[in-house]
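Beneath this line is the structure, given in structure tokens, with notes to follow.
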Amino acid sequence: MAFDVHDIREQFPILNQKVHGKPLVYFDNAATAQKPIAVIKAISDYYLNYNANVHRGVHTLSQRATDAMESVREQVRAHLNAAEAAEIIFTRGITDSINAIAYGLSNTVQKGQNVVITAMEHHSNIVPWQMLCERTGAELRHLPMDEHGELILDRLEVVIDQNTAIVAFNHISNTLGTINPVQKIISQAKKVGAWTLVDGAQSGPHTIVDVQSWDVDFFTLSSHKMYGPTGLGILYGKRERLEAIAPYQGGGEMISTVTLEKSTYAGLPHKFEAGTPHVEGIIGFGAALKFINEIGIESISAHEQSLLEYATKQCSGIKGFRVIGNSKNKASVLSFVIDGVHPYDLGVLLDQQGIAVRTGQHCTQPIMDAFCIEGTVRASFAMYNTFEEIDSFISGLKKAVSMLL
Ligand SMILES: *Cc1c(COP(=O)(O)O)cnc(C)c1O
């Protein structure tokens, strides 16, 4: 199927509106992506025709809902090339997935061991590890980055050592766009017997992921960044790893037997799915995955890459413009500052021209500290964005800068 951005845009009716009298230009995709009609329809179909709780009833609607949910689990397995569907856990989001693992390791990680993250993590891949280290007395380390926003790989063998329990890092930085060398980092971790977790928030919508060829222990995705509903995350874990750690939430669905004194846990995946799952979200996410795969993730990423190159080139002439993050391998995230201008003021003036960007720290305060800036303006592109939108953005930006400087 040929990639036709105008056909794609028709699947996203929300894009066809005016904001402050100007056509909406939505460049905040790294925060959340818009949802195609197929996703909205799948959710309303569930509520209109077969809403019921899953795994509980013998009745027909409950079985339909359960079948729909379990077929998405299989779809996700295939999408990530996991060995079995039981290794796919439905969570509330990436934050929830990482907390589940960090909590689950509370009884295995010990004082004298260390946990390794990187200098470019989202807060959700920092704070849960700090909490784990506080509980256990383990040390938190990070792999540093350079002025381009690339990890300093020469430091890999120093930072990851015999005492490393787990290495947790993002595949693609939501702030810098940097695409990290996943396999290199995993292979150093394996050399010393450390476990690995990859935060795939930004890889999900832009790249192909193969958890078996990466040989990663845990991998996590966020539905809402992949054109699916909010409130749903995916946690992949190798069977033997998931079996080795404790569940962090107890309740219905996750048990095998319960007496008033003691309970035994259910097998995978249910051990990590306490309570009623986000059934509509799961069904909507299934539709989002199908939508992405029908267009093809390679075509999507090629389109986004040309948008990034074009936007970067067009911006470079603007007075005081400075890109934050110019790594060689980079996804469609353009973070920048204009010297002498506060990012927030730019964001407000862009919004008045119908252009939606994110401003601030993007949940990555340590990156801002490393670059000695307060925040950035971030334009992030998705499959439905166009070159004309970039032209509007550039002229909007020039206008804003001329008002502020
Ligand atoms: C958005 C994001 C998260 C948080 O994901 P949620 O599913 O919203 O909790 C984590 N890491 C990165 C890199 C992100 O972009």
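Yes/no per residue for (1) free of Cβ contacts under 8 Å to residues at least 12 places away in the same chain; (2) not hydrophobic (A, V, I, L, M, F, W, C):
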position	(1), (2)
Ala78	yes, no
Ala82	no, no
Ala85	no, no
Ile89	no, no
Arg92	no, yes
Thr95	no, yes
Gly104	no, yes
Gly112	no, yes
Val116	no, no
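Can you name every one of the helices (runs of 4 or more DSSP H) wholly within the range 122-191 that holds 1 or more residues which are crowded, with 22+ Cβ neighbours inside 10 Å, within 16 Å of the ligand (Cβ to nearest atom) and acidic (Asp, Glu)? Output list is empty. Reported count of residues in the range 111-121, each being in a loop (DSSP other than H, G, I, E, B), touching a strand residue (DSSP E or B) at 6+ places or on another chain (Cβ under 8 Å) and surrounded by fewer than 21 Cβ atoms within 10 Å (Cβ to Cβ), is 2.
Take the residues in the range 392-405 that are hydrophobic (A, V, I, L, M, F, W, C) and open to solvent by 70 Å² or more (accessible area, probe 1.4 Å), then tell me which one is farthest from Met120 (Cα to Cα). Result: Met403. Evaluating Val116 against the criteria (1) more than 16 Å from the ligand (Cβ to nearest atom); (2) farther than 19 Å from His171 by Cβ; (3) of a type outside the set (D, E, K, R) leaves one unmet condition, (2). The strands (runs of 3 or more DSSP E) located wholly in the range 212-296 include none with 3 or more residues which are among the polar types (S, T, N, Q). Of all residues in the range 325-342, those that are within 21 Å of Leu397 (Cα to Cα) and hydroxyl-bearing (Ser, Thr, Tyr) total 2.
If you take the residues in the range 77-86 that are out of contact with any strand residue (DSSP E or B) (no Cβ under 8 Å at 6 or more places or on another chain) and not in a helix (DSSP H, G or I), which one is farthest from Leu242 (Cα to Cα)? Top of the filtered list is Asn81.
Residues are listed down the side, and each one gets a yes or a no for (1) in contact with an Asp or Glu (Cβ under 8 Å, 6 or more places away or on another chain); (2) surrounded by 17 or more Cβ atoms within 10 Å (Cβ to Cβ); (3) within 30 Å of Ile292 (Cβ to Cβ):
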residue	(1), (2), (3)
Ala311	no, yes, yes
Gly325	no, yes, yes
Ser332	yes, yes, yes
Asp345	no, no, no
Leu349	no, yes, no
Ile367	no, yes, yes
Val377	no, yes, yes
Met383	yes, yes, yes
Ile390	no, yes, yes
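Among the residues of the range 149-171, is any among the β-branched types (Val, Ile, Thr) and within 21 Å of the chain's Cα centre (by Cα)? Within the range 149-171 (the criterion being among the β-branched types (Val, Ile, Thr) and within 21 Å of the chain's Cα centre (by Cα)), the answer is yes, since at least one residue qualifies. Would you confirm whether or not the range 208-231 contains a residue that is of a type in the set (A, V, I, L, M), within 16 Å of Ala33 (Cα to Cα), within 16 Å of the ligand (Cβ to nearest atom) and modelled with pLDDT of 95 or more? For the range 208-231, residues of a type in the set (A, V, I, L, M), within 16 Å of Ala33 (Cα to Cα), within 16 Å of the ligand (Cβ to nearest atom) and modelled with pLDDT of 95 or more: present.
Close contacts from the range 15-31, counting a first residue that is at negative phi and a second that is within 16 Å of the ligand (Cβ to nearest atom) and open to solvent by 60 Å² or more (accessible area, probe 1.4 Å), with Cβ to Cβ under 9 Å and a gap of 6+ residues or different chains, come to Phe27/Arg358; Asp28/Arg358; Ala30/Arg358; Ala31/Arg358. Within the range 53-76, one or more residues are within 16 Å of the ligand (Cβ to nearest atom), over 16 Å from Thr230 (Cα atoms) and either at pLDDT 95 or above or not in a helix (DSSP H, G or I) (or both).
The values are calculated or read from the model by the stated rules, or taken from the named source; none is laboratory data. This one's a predicted model, so the numbers in the text were calculated from it and none came from an experiment. FYI the Cβ positions are ideal-geometry reconstructions off the backbone, even for glycines, and counts take in every protein chain you see. For accessibility, only protein heavy atoms count, side chains too; no ligands or nucleic acids. Shrake-Rupley method; radii C 1.70, N 1.55, O 1.52, S 1.80 Å.
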